[in-house]
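Undergrad: This is the structure, below, for whatever I ask next.
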Amino acid sequence: MATTNSATKKKPAVRAADADGTEQRLLREAAHLFRKQGFAGTSTRELAAAVGLQSASLYHYMESKEDLLYAICVSGNQLMIDAVTKAIEGREPIEALYAAIRAHLTTAIENRDVYLTTLAEVKSLSPRRRREVQKTRQGYAEVLAGVVERAQEAGDIRTDISADHLMLVLRNLLSWTLFWFRTDGDLSIEQFADLGSKVFLEGARA
């Protein structure tokens, strides 16, 4: 994952294939360590050891530790855009909204380290890179708001609140689930996705 001085010219991807899979494993292990120990608390020696490399060999894949964090943040947002876009394709508005909620929760929980790292550690990036990550976040916000707006136009959900505000409430509900949801708990990911959809779309009022 070697970068140029203008890191934004090459958008890194968590799923990017490299010859022996080292880049993909490095991003995955970096996300895990950053989530557990924090970006500042994780050394390059630990990152190298996690994928069986010597510290010096790590720089074949990056110029700095920040490169890894940037790659995780950008590609995590792109992964979500791809998952939700695919899930809503060809669906009627209300079904697309259900599908978007399920896709978001499933993708986030299955990639928990990536998304928790993005939420907690994006502040560790340089201002320029934070702006680039924000662009990808905004790209996903537009996808989700578009799904909400379609459901409003179809008369499926309320219209006295703007699509953007409904999207923000929904996104907050979905994002913070990661901090407490347990895959070994009472609900499976699919069951929780159904529950989240019902609570958002139908409310909790008796």
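The values are calculated or read from the model by the stated rules, or taken from the named source; none is laboratory data. Just so it is clear, the structure is predicted and the values come from calculations on it, not from any experiment. Note that each Cβ is placed from the backbone with ideal geometry, even for glycine, and that neighbours are counted across all protein chains shown.
Undergrad: Need pairs with beta-carbon distance below 6 Å; first residue among the small types (G, A, S) and within region 53-68, second in a helix (DSSP H, G or I); sequence gap 6+ or separate chains.
TA: S55/T44; S55/R45; S55/A48
Undergrad: So is R182 assigned to a helix (DSSP H, G or I), charged (D, E, K, R) and either farther than 25 Å from L119 by Cβ or modelled with pLDDT under 90 (or both) or not?
TA: Values: assigned to a helix (DSSP H, G or I): no; charged (D, E, K, R): yes; either farther than 25 Å from L119 by Cβ or modelled with pLDDT under 90 (or both): yes.
No, not satisfied.
Undergrad: Would it be correct to say that D164 is of a type outside the set (K, R), over 18 Å from the mean Cα position of the chain (by Cα) and closer than 14 Å to E110 by Cα? Talk me through it step by step, then tell me what you get.
TA: Working: of a type outside the set (K, R): yes; over 18 Å from the mean Cα position of the chain (by Cα): yes; closer than 14 Å to E110 by Cα: no.
No, not satisfied.
Undergrad: Go through L195, L173, L144 for me and flag whichever is surrounded by 17 or more Cβ atoms within 10 Å (Cβ to Cβ) and outside the structural domain of R28 (by TED's automatic domain parsing).
TA: On the way: L195 fails: surrounded by 17 or more Cβ atoms within 10 Å (Cβ to Cβ); L173 fails: surrounded by 17 or more Cβ atoms within 10 Å (Cβ to Cβ).
Testing whether each residue is surrounded by 17 or more Cβ atoms within 10 Å (Cβ to Cβ) and outside the structural domain of R28 (by TED's automatic domain parsing) leaves just L144.
Undergrad: Say whether the condition of being in a loop (DSSP other than H, G, I, E, B), touching a Phe, Trp or Tyr at 6+ places or on another chain (Cβ under 8 Å), in contact (Cβ under 8 Å) with a residue 12 or more places away in the chain and among the hydrophobic types (A, V, I, L, M, F, W, C) is met by at least one residue in region 37-47. It would help to see each step written out before you state the result.
TA: The initial filter retains those residues of region 37-47 that are in a loop (DSSP other than H, G, I, E, B), namely 38-43.
Retained after the next criterion (residues that are touching a Phe, Trp or Tyr at 6+ places or on another chain (Cβ under 8 Å)): 42.
Pick out the ones that are also in contact (Cβ under 8 Å) with a residue 12 or more places away in the chain and you get 42.
Then keep just the ones that are among the hydrophobic types (A, V, I, L, M, F, W, C); that gives none.
So far as region 37-47 goes, no, none of its residues is in a loop (DSSP other than H, G, I, E, B), touching a Phe, Trp or Tyr at 6+ places or on another chain (Cβ under 8 Å), in contact (Cβ under 8 Å) with a residue 12 or more places away in the chain and among the hydrophobic types (A, V, I, L, M, F, W, C).
Undergrad: Which condition number in (1) modelled with pLDDT of 95 or more; (2) in contact with a Phe, Trp or Tyr (Cβ under 7 Å, 6 or more places away or on another chain) is the one that E23 fails?
TA: Here E23 meets the rest and fails (1).
Undergrad: Further, regarding this structure: Six or more apart or on different chains, Cβ under 7 Å: which pairs go from a residue in region 97-110 that's assigned by TED's automatic domain parsing to the domain that holds I189 and farther than 13 Å from L201 by Cα to one that's aliphatic (A, V, I, L, M) and buried (at least 24 other Cβ atoms within 10 Å of the Cβ)? Could you list them?
TA: Qualifying pairs under 7 Å: H104/M80; T107/M80.
Undergrad: Test each condition in (1) part of a loop (DSSP other than H, G, I, E, B); (2) modelled with pLDDT under 95; (3) basic (K, R) for R91 and report the one that comes out false.
TA: (2)
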